[in-house]
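J.: Structure incoming, see below.
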Amino acid sequence: MSTRRKWMAAGAGLIGAGVAARLAQQYGLVPPDQGGLYGPGTTLTYAAHRLLTSDAREFDKSQITTPFANGRPPREEAFKIHQAAGFADWRLEVRGMVERPGSFALAELKSYPSRTQITHLACEEGWSFIAEWVGVPLAHILQRVGVLPGAKYVVYHSIQPRRWDSIDMDEAMHSQTLVTYGMNGGDLPVGHGGPLRMRVPRQLGYKNIKFLTGLTLTNDLSKFGKGLGSSSPEAGYAWYAGI
Ligand SMILES: Nc1nc2c(c(=O)[nH]1)N[C@H]1C(S)=C(S)[C@@H](COP(=O)(O)O)O[C@H]1N2
Ligand SMILES: [Mo]
């Protein structure tokens, strides 16, 4: 458990577990993989984080560490074709509960206001690294397409169809949540999800989906996969992975 998590758990303890559980339900803070039961650990952590929300820690350039790429580049033929073309035709498609569905070329995304931040990427398997990430705040993209009232989640998709995830609007609108295209002063390497990756520094590594191809705004996660909000709970990891 990270210090922040412990502190949050202490916060939940102070509020009182019963009160926290009631607040969680009242404010819709029950994670989608908890089957409406509020229970135990994850719901309390999720609710406590949302009620006592804070930023992921940012670091100095001197604290950047050697990056560790987890997994292999996609084997999908479609990816290899994009890669051979220098990702010139890679697009981010945005659909669902938005006023103006559409798609964005990489060059368009790069022309939008960018944010650079040095944050930690931590895998639940135990390793981590600190890197400088550059990208467009997801909030900016959402503002361009116009989110319809009632949308509660942003589902995000990869060229690897079995890797997808979702975050709530609080996380999606957070200023540190970026659609990244650069890392440590260069383009985002393929090993780290280039040309485009979701960066959610307030959550564990697995929420940071690589080879990002699309976003779907929705109020109903039951329509996606097994209805647990992400491919991760299907494999036994929590939907909410706040650090
Ligand atoms: N598309 C895709 N995204 C992914 C993964 C993956 O296999 N495919 N692995 C996840 C996991 S478990 C972790 S810990 C991080 C690893 O990021 P890194 O390779 O930049 O270290 O990416 C996440 N995003
Ligand atoms: Mo991971």
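J.: Considering SER114, SER128, which residue is touching a Ser or Thr at 6+ places or on another chain (Cβ under 9 Å) and farther than 25 Å from THR218 by Cβ?
T.: From the options SER114, SER128, the qualifying one is SER128.
J.: For LEU212, state whether it is out of contact with any His (no Cβ under 6 Å at 6 or more places or on another chain) and surrounded by 20 or more Cβ atoms within 10 Å (Cβ to Cβ).
T.: yes
J.: Which numbered condition trips up ASP165, out of (1) closer than 19 Å to VAL98 by Cα; (2) crowded, with 22+ Cβ neighbours inside 10 Å; (3) away from ligand 2 (no atom under 16 Å from the Cβ)?
T.: Only one criterion in (1) closer than 19 Å to VAL98 by Cα; (2) crowded, with 22+ Cβ neighbours inside 10 Å; (3) away from ligand 2 (no atom under 16 Å from the Cβ) is unmet by ASP165, namely (3).
J.: Assuming PHE104 fulfils every condition listed in (1) surrounded by 12 or more Cβ atoms within 10 Å (Cβ to Cβ); (2) out of contact with any Leu (no Cβ under 7 Å at 6 or more places or on another chain); (3) touching a residue at least 24 places away in the same chain (Cβ under 8 Å); (4) of a type outside the set (Asp, Glu) apart from one, which condition is it?
T.: It fails just one condition, (2).
J.: Given the condition within 20 Å of the chain's Cα centre (by Cα), of a type in the set (Ser, Thr, Tyr), at pLDDT 95 or above and within 28 Å of LEU142 (Cβ to Cβ), answer yes or no: does some residue in the stretch 50-58 qualify? Don't jump to the end; show me each part of the working.
T.: Within the stretch 50-58, the subset within 20 Å of the chain's Cα centre (by Cα) is 50-58.
From the residues that got through so far, the ones that are of a type in the set (Ser, Thr, Tyr) too are 53-54.
Those left that are additionally at pLDDT 95 or above: none.
Scanning the stretch 50-58 turns up no residue that is within 20 Å of the chain's Cα centre (by Cα), of a type in the set (Ser, Thr, Tyr), at pLDDT 95 or above and within 28 Å of LEU142 (Cβ to Cβ).
J.: Do you know which residues across the stretch 147-160 are away from ligand 2 (no atom under 16 Å from the Cβ), over 22 Å from ILE243 (Cα atoms), in contact (Cβ under 8 Å) with a residue 60 or more places away in the chain and outside any strand (DSSP E or B)?
T.: Selection gives LEU148, GLY150, ALA151, ILE159.
J.: Then there's this: Does any residue of the stretch 58-72 turn out to be more than 16 Å from ligand 1 (Cβ to nearest atom) and at positive phi?
T.: No, every residue in the stretch 58-72 fails to be more than 16 Å from ligand 1 (Cβ to nearest atom) and at positive phi.
J.: Would you mind telling me which numbered condition in (1) under 23 Å from GLY96 (Cα atoms); (2) touching a helix residue (DSSP H, G or I) at 6+ places or on another chain (Cβ under 9 Å) ARG197 fails?
T.: (2)
J.: If I filter the stretch 110-118 for residues that are within 16 Å of ligand 1 (Cβ to nearest atom), modelled with pLDDT of 95 or more and not in a helix (DSSP H, G or I), do I get at least one hit?
T.: yes
J.: Would you confirm whether any residue within the stretch 133-146 is within 16 Å of ligand 2 (Cβ to nearest atom) and closer than 19 Å to ALA56 by Cβ?
T.: no
J.: Still on this structure, please answer the following. Run ALA17 past the list (1) of a type in the set (A, V, I, L, M); (2) modelled with pLDDT of 95 or more; (3) surrounded by fewer than 13 Cβ atoms within 10 Å (Cβ to Cβ); (4) in contact with a helix residue (DSSP H, G or I) (Cβ under 8 Å, 6 or more places away or on another chain) and report the number of the one that doesn't hold.
T.: With respect to (1) of a type in the set (A, V, I, L, M); (2) modelled with pLDDT of 95 or more; (3) surrounded by fewer than 13 Cβ atoms within 10 Å (Cβ to Cβ); (4) in contact with a helix residue (DSSP H, G or I) (Cβ under 8 Å, 6 or more places away or on another chain), ALA17 is out only on (2).
J.: Pairs under 9 Å by beta carbon, first residue charged (D, E, K, R) in the stretch 110-125, partner within 11 Å of ligand 1 (Cβ to nearest atom), six or more apart or different chains?
T.: ARG115/TRP133; GLU124/LEU204; GLU124/GLY205; GLU124/TYR206; GLU124/TYR237; GLU124/ALA241; GLU125/ASN70; GLU125/GLY205
J.: Name every residue in the stretch 52-81 that is without any contact (Cβ under 8 Å) to a residue 40 or more places away in the chain, in a helix (DSSP H, G or I) and not acidic (Asp, Glu), in order of residue number.
T.: Correct list: SER62, LYS80, ILE81.
J.: Now a separate question. Within the stretch 179-209, can you find the residues that are within 16 Å of ligand 2 (Cβ to nearest atom) and either within 8 Å of the chain's Cα centre (by Cα) or part of a strand (DSSP E or B) (or both)?
T.: ARG197, MET198, ARG199, VAL200, PRO201, GLN203, LYS207, ASN208, ILE209
The values are calculated or read from the model by the stated rules, or taken from the named source; none is laboratory data. Only a predicted model underlies this, so the values are computations on that prediction, with no experimental measurement involved. When we count neighbours, we look across all protein chains shown, and the Cβ atoms used for this are built from the backbone with ideal geometry, even at glycine.
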